[in-house]
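S.K.: Got a structure for you, written out below as structure tokens; questions coming shortly.
The values are calculated or read from the model by the stated rules, or taken from the named source; none is laboratory data. Small disclaimer: the values here were computed from a predicted structure and weren't measured. Every residue, glycine among them, receives a Cβ derived from its backbone with ideal geometry; neighbour counts consider all protein chains shown.
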Amino acid sequence: MKLTDLKEVALKAPQLGAKAEIFVMRGQSTELIVSNQKLESLDKKSTQGVGVRTLVGERMGFAFSTELSLDSVKKTLNQSIENAKVTAPDKYNILPSANMALGDRETLAEVSFEEKLAQAMLAEKVAKKYDPRIIKVQRSAYGDSLAEIMIASSEGVLAEYTSSFYHAYVLSLAEEDGQREEGYAFDVVRKFNKLNFRNLGEEAADKAVSMLGARPIVSEKLPLILDREVVANILGVLADILSAKAVIKKKSLFADRVGQKVASPLITIIDDGTMEDGIATAIVDDEGVPMQRTVLVDSGVLLGFYHNSYTANRLQTASTGNGVKAGVKATVSCGPTNIYFQPGLASKEDMIDSLRRGLLINNVMGLHTANPISGDFSLGASGFLIENGKLVRPVRGITIAGNLLDLLSKVTRVGSDLRMYGSTGAPTLLVDGISVSGE
């Protein structure tokens, strides 16, 4: 099926009393898991389908099919129109207008199955040999995927592109004196040669071994160095409430704060769908709107939110290219692309050196329980006690509590070590005076 075929079907929608948007996706993926230097599982999938949104007056309809043929697309269009007739009208419903975007046709790297398997085995081997206290590498995995997207609408949208990415992860287990600790390391990239399997094995093993002997500290208020992976997880929560959809639903602590200071002057948050080699980078979003770079928080000041076409129409602004679909079976939502904290100038080592007493936090649990409206949180955490500029011992069994806005306002140093964890990126942050509950 060609893009021109979809265009012809979409342009017939007005004759049926509707506007239409046709979204087609073809995909393939592979994942292999290694255990004890043997292939434990191999999963290969091929997916395809079409999702059609139609607008009949102010009523939005949706239908999908996993069959990809011209006849199936036409039937799905008709079903979507029928569905629209029984939905509630919403004057803000809209389909984006004319945009033509043709992207590069990517292909998966020409890497043999044997090489992929060998690299996953290498990561497992490196992790197992890292330290005698590593008793098991629970799994070492590799995966890749390729997706072809086509979008055509009666409103003049015509877009086609392909995207691919590669991922790998290692999960290790360490034991000493009856205590066990896990270590997990992962990476997701747009180019196969950017995956460093040896580093992933070492990282997973080091995370496990370094936490052996961890125990709580007394309750106190301390400066915290938040490891960049922890910061990326926090940003994942912030990303949800920086969505215009969350604002409209009154589920965002940032509502009514545009133009106000919401963080330390050192904090800048950017959503960039044009980032080179970004996992979420594409020429258009899932509505066919061009991707863009959007500064959400600039030097601590909230500039605005990211939008899809509906939220933009409702709040009388322009879409930021953040219309996203979770496959052809889902209608359009509003989500981040490549979102990250802009890096600063400090090094992690300098942050540690600067503290007489503090904590380096490398893991938190329960972030999903943070209140999106008030910003309050209480999280289980683990990491390392810092005394006189040195990491002295691992810490577990503590809780850090506070408020997201308060935490952002207390950032005193921002690291230069930005790393993207999939499509969410962060550097290390030093945060002053956070309540820690321990023994």
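S.K.: Out of everything in the stretch 65-90 that is surrounded by 14 or more Cβ atoms within 10 Å (Cβ to Cβ) and either of a type in the set (A, V, I, L, M, F, W, C) or outside the structural domain of Ser153 (by TED's automatic domain parsing) (or both), what residue ends up being nearest to Met25 (Cα to Cα)?
M.R.: Leu68
S.K.: Can I ask one more? Just name the residue that is surrounded by the fewest Cβ atoms within 10 Å (Cβ to Cβ) out of those in the stretch 45-64 that are in contact (Cβ under 8 Å) with a residue 60 or more places away in the chain and of a type in the set (Gly, Ala, Ser).
M.R.: My answer is Gly49.
S.K.: Quickly run through the stretch 213-247 and pick out the residues that are assigned to a loop (DSSP other than H, G, I, E, B) and buried (at least 21 other Cβ atoms within 10 Å of the Cβ).
M.R.: Asp227, Leu242
S.K.: Tell me, please, whether a residue that is part of a helix (DSSP H, G or I) and within 30 Å of Ala98 (Cβ to Cβ) can be found in the stretch 248-268. Break it down into steps so the answer makes sense when it comes.
M.R.: Kept after step one, since they are part of a helix (DSSP H, G or I), are these residues of the stretch 248-268: 248.
This time we only want the ones that are within 30 Å of Ala98 (Cβ to Cβ), so: 248.
Yes, the stretch 248-268 has at least one match.
S.K.: Filter the stretch 140-167 down to the residues that are in contact with a helix residue (DSSP H, G or I) (Cβ under 8 Å, 6 or more places away or on another chain) and either basic (Lys, Arg) or under 18 Å from Ser46 (Cα atoms) (or both) and list them by number.
M.R.: Passing the criteria: Tyr142, Asp144, Met150, Tyr166.
S.K.: Also, quick follow-up: Take the stretch 11-41 and flag every residue that is in contact with a Lys or Arg (Cβ under 9 Å, 6 or more places away or on another chain), buried (at least 17 other Cβ atoms within 10 Å of the Cβ) and not in a strand (DSSP E or B).
M.R.: Ala13
S.K.: Continuing with the same structure: Within the stretch 361-382, track down each residue that is assigned to a strand (DSSP E or B) and on the phi > 0 side of the Ramachandran plot.
M.R.: Answer for the stretch 361-382, where residues must be assigned to a strand (DSSP E or B) and on the phi > 0 side of the Ramachandran plot: there is none.
S.K.: Which residues, counting only those in the stretch 408-425, are of a type in the set (Gly, Ala, Ser) and closer than 21 Å to Ser354 by Cα? First the steps, then the outcome.
M.R.: We begin by selecting, within the stretch 408-425, every residue of a type in the set (Gly, Ala, Ser); these are 409, 415-416, 422-423, 425.
Selection gives Ser409, Gly415, Ser416.
S.K.: A further question follows. For the stretch 75-94, how many residues meet the condition of being part of a helix (DSSP H, G or I) and aliphatic (A, V, I, L, M)?
M.R.: 3
S.K.: Here is a follow-up. Please enumerate the residues belonging to the stretch 263-272 that are among the hydrophobic types (A, V, I, L, M, F, W, C) and surrounded by fewer than 20 Cβ atoms within 10 Å (Cβ to Cβ).
M.R.: Leu266, Ile270
S.K.: Among the strands (runs of 3 or more DSSP E) confined wholly to the stretch 97-210, which include 2 or more residues that are modelled with pLDDT under 95 and among the hydroxyl-bearing types (Ser, Thr, Tyr)?
M.R.: 157-176
S.K.: With respect to Pro265, determine if the residue is farther than 28 Å from Ala141 by Cα and either out of contact with any Leu (no Cβ under 7 Å at 6 or more places or on another chain) or in the same structural domain as Glu115 (by TED's automatic domain parsing) (or both).
M.R.: So Pro265 fits the description; yes.
S.K.: So, one more: Among the residues of the stretch 293-330, which ones are part of a loop (DSSP other than H, G, I, E, B), on the phi < 0 side of the Ramachandran plot and either without any contact (Cβ under 8 Å) to a residue 40 or more places away in the chain or surrounded by fewer than 18 Cβ atoms within 10 Å (Cβ to Cβ) (or both)?
M.R.: The answer is Leu303, Leu315, Thr317, Ala318, Ala326, Lys329, Ala330.
S.K.: Would you call Leu212 farther than 24 Å from Tyr142 by Cβ, over 24 Å from the mean Cα position of the chain (by Cα) and among the aliphatic types (A, V, I, L, M)?
M.R.: yes
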